[in-house]
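Notes follow the structure.
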Amino acid sequence: MTEYHFYEPADGHRLPHDPLNAIIAPRPIGWISTVTPNGARNLAPYSFFNLINYRPPLIAFSSSGWKDSVANVKATGEFVWNLATMAQAEQMNMSSASVAADIDEFDLARLDALPSLRVKPDRVAGSPVQFECRLTQLIQLENKEGGELDQWLVIGEAIGIHIDTAMLENGIYITARPRPITRGGGPADYFEITQDRLFKMKRPDG
């Protein structure tokens, strides 16, 4: 018989480290670039991130606390998601540093930028995929009692998508080709998506 460790989160997990973000893992990384109304650049990674709708394409990231990215999106209504890969893993990590709002993380992480076509925030040069997004919803999350949390869900519609054509094979995007990285649990765990871990299953209805 399987033995389970059961806990109620409100009472604590009673383990050396909170297992929650190690269980719901790996998680794609929301590497989000924004600008202030005055044009100052910001770049930061978020591990609470995902695609949440096909048509229109909606992506969402959640911020613990009212951070510069959220403030900039609220003020301008725009952001860019940049795919984080092994080639830029260290620079992505550098862009997560807690620095003053006037610090440009592109410069801090020694990243070149590319202009976007439909929104003001720059794209990360070298990232093989970028989504130019417009804000659709900004939601303050609540607990089960309806109490407001200092947690902010940003949802944006991708209105322009850039794909490095080297990531395509006969017009099909190859997920593992850019060597995307994902966030695991603990303070430092990441995983790389590789082609050798691919397996396929078709849905029962087609």
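Filtered by the rule that a residue be without any contact (Cβ under 8 Å) to a residue 60 or more places away in the chain, among the acidic types (Asp, Glu) and closer than 21 Å to LEU114 by Cα, segment 146-185 gives a lone residue, ASP164. Just wondering, is there one or more residues in segment 132-145 that are touching a Pro at 6+ places or on another chain (Cβ under 8 Å), touching a residue at least 60 places away in the same chain (Cβ under 8 Å) and either surrounded by 15 or more Cβ atoms within 10 Å (Cβ to Cβ) or in a loop (DSSP other than H, G, I, E, B) (or both)? No, every residue in segment 132-145 fails to be touching a Pro at 6+ places or on another chain (Cβ under 8 Å), touching a residue at least 60 places away in the same chain (Cβ under 8 Å) and either surrounded by 15 or more Cβ atoms within 10 Å (Cβ to Cβ) or in a loop (DSSP other than H, G, I, E, B) (or both). Residues that are more than 9 Å from the chain's Cα centre (by Cα), free of Cβ contacts under 8 Å to residues at least 60 places away in the same chain and farther than 14 Å from ALA158 by Cβ were ranked within segment 26-54; the one that is surrounded by the most Cβ atoms within 10 Å (Cβ to Cβ) is PRO37. Condition check: more than 15 Å from ALA44 (Cα to Cα), more than 17 Å from the chain's Cα centre (by Cα), surrounded by 15 or more Cβ atoms within 10 Å (Cβ to Cβ) and of a type in the set (A, V, I, L, M). Does VAL129 satisfy that? For VAL129, the condition - more than 15 Å from ALA44 (Cα to Cα), more than 17 Å from the chain's Cα centre (by Cα), surrounded by 15 or more Cβ atoms within 10 Å (Cβ to Cβ) and of a type in the set (A, V, I, L, M) - is not met. Taking segment 98-114 as the range and being under 14 Å from SER33 (Cα atoms), among the aliphatic types (A, V, I, L, M) and part of a loop (DSSP other than H, G, I, E, B) as the test, the residues that pass are ALA101, ILE103, ALA109, LEU111.
Look at segment 147-167 and say how many of its residues are out of contact with any Phe, Trp or Tyr (no Cβ under 9 Å at 6 or more places or on another chain) and either assigned to a helix (DSSP H, G or I) or small (Gly, Ala, Ser) (or both). Total satisfying the criteria: 3. In the set LEU153, LEU168, only one residue is among the aliphatic types (A, V, I, L, M) and under 17 Å from GLY30 (Cβ atoms); that residue is LEU153. Does ASP196 satisfy the criteria of being in a helix (DSSP H, G or I), of a type in the set (D, E, K, R) and under 28 Å from LEU20 (Cα atoms)? Against the criterion (in a helix (DSSP H, G or I), of a type in the set (D, E, K, R) and under 28 Å from LEU20 (Cα atoms)), ASP196 qualifies.
Bear in mind these aren't lab numbers, they're just calculated from the coordinates by the rules spelled out. What you see is a predicted model; the values in this text were computed from it and never measured. Because the Cβ atoms are built from the backbone with ideal geometry, glycine has one as well, and the counts that use them run over all protein chains shown.
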